[in-house]
1. Kindly state which helices (runs of 4 or more DSSP H) lie completely within the chain and contain at least 3 residues that are among the charged types (D, E, K, R).
2. Could you list all residues from region 25-55 that are of a type in the set (G, A, S) and under 16 Å from the mean Cα position of the chain (by Cα)?
3. Applying the selection to region 17-45, what residues are under 23 Å from P56 (Cβ atoms) and touching a helix residue (DSSP H, G or I) at 6+ places or on another chain (Cβ under 8 Å)?
4. Limited to region 18-51, what total is found for residues that are surrounded by fewer than 11 Cβ atoms within 10 Å (Cβ to Cβ) and over 27 Å from T7 (Cβ atoms)?
Amino acid sequence: ADGSLRTDDAEATARVVFNATAKFHHLAHAAEWQNPGVGAGLDEVCSLLLEGLHAPASP
């Protein structure tokens, strides 16, 4: 609502974020959560998503 994210379709954006992060929250991947580096992988995915969704600053 405040324009901090660039999206015209909040529902589609939410679906993409959900799918991109499924490895980190879907129980089918629970065994992978014990792997070294899984936290770093989640950080990388979140950073990429947030960077891509963040609206550029207005001039």
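Each reported figure results from applying straightforward, stated rules to the coordinates on display, with no laboratory input. All of these numbers come straight from a predicted model, not from anything done at the bench. We place every Cβ from the backbone using ideal geometry, glycine too, and count neighbours over all the protein chains shown.
1. Working: elements: 10-20, 22-25, 38-53.
Qualifying helices (runs of 4 or more DSSP H): 38-53.
2. Of the residues in region 25-55, the ones of a type in the set (G, A, S) are 28, 30-31, 37, 39-41, 47, 52, 55.
Residues satisfying the conditions are G39, A40, G41, S47, G52, A55.
3. V17, A20, V45
4. The total comes to 8.
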